[in-house]
Amino acid sequence: MNERDLSRRGFLATSASGVIAKLLGMGLPAFSAVVETAHAAQQSNRFQVLTPAVAEDLAAITERILPSDETPGAKEAGVIYFIDAALAEQMSGQLPLVQSGGADLNQAIGGGQSFVSLAAEAQDRYLTEIENSEFFGFIWTLTMFGMFSVPSYGGNRRYVGWELLDFQ
């Protein structure tokens, strides 16, 4: 294993610990409700509440949080579909936060450009600027849920998140 693999594995393990803390903070009933909705999204490739433009931007954000390189990332895990399913029902109250946060991000980019249209370096720069915002925190949390949840709950397709942690 090279140094990059170790640092990525360490990051993922630390992130998974953060997810567990978030889950405990949400309480079992709230997490259970999200899980039930996300279960329906596991095999879906259609969006329930996200428009294609919002979904593209959110997918790009999740792919910067957990990129695909030598190992699978948010894209392969189907994280965007997990997020859409959560926002469709149990977390529907957060949909305005997601929509306005994405719109604010694209407004900050300006020039009629959207987040997804930017190069990776520019995407990282904009995400660094908003990393302490409620919007980014919420998307980060749902990205981790979608990556590391039980696959039957809608994310972590083909167990790619668990494989990154050597958890089977």
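Read-outs: derived from the displayed coordinates by stated rules, not from any lab. These figures come from a predicted structure and were not determined experimentally. Note that each Cβ is placed from the backbone with ideal geometry, even for glycine, and that neighbours are counted across all protein chains shown.
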**Message:** I'd like the FRET efficiency for ASP104 and GLN48, computed as 1/(1 + (r/R0)^6) with the beta carbon distance as r and R0 of 22 Å, rounded to 0.05.
**Reply:** 0.45
**Request:** Using a 10 Å cut-off on Cβ atoms, rank the peptides 137-144, 79-86, 115-122, 48-55 from the highest mean neighbour count down.
**Result:** 79-86, 137-144, 48-55, 115-122
**Contour minus Cα-Cα distance for GLU70 and GLU121 (0.36 nm per residue)** = 16.5 nm
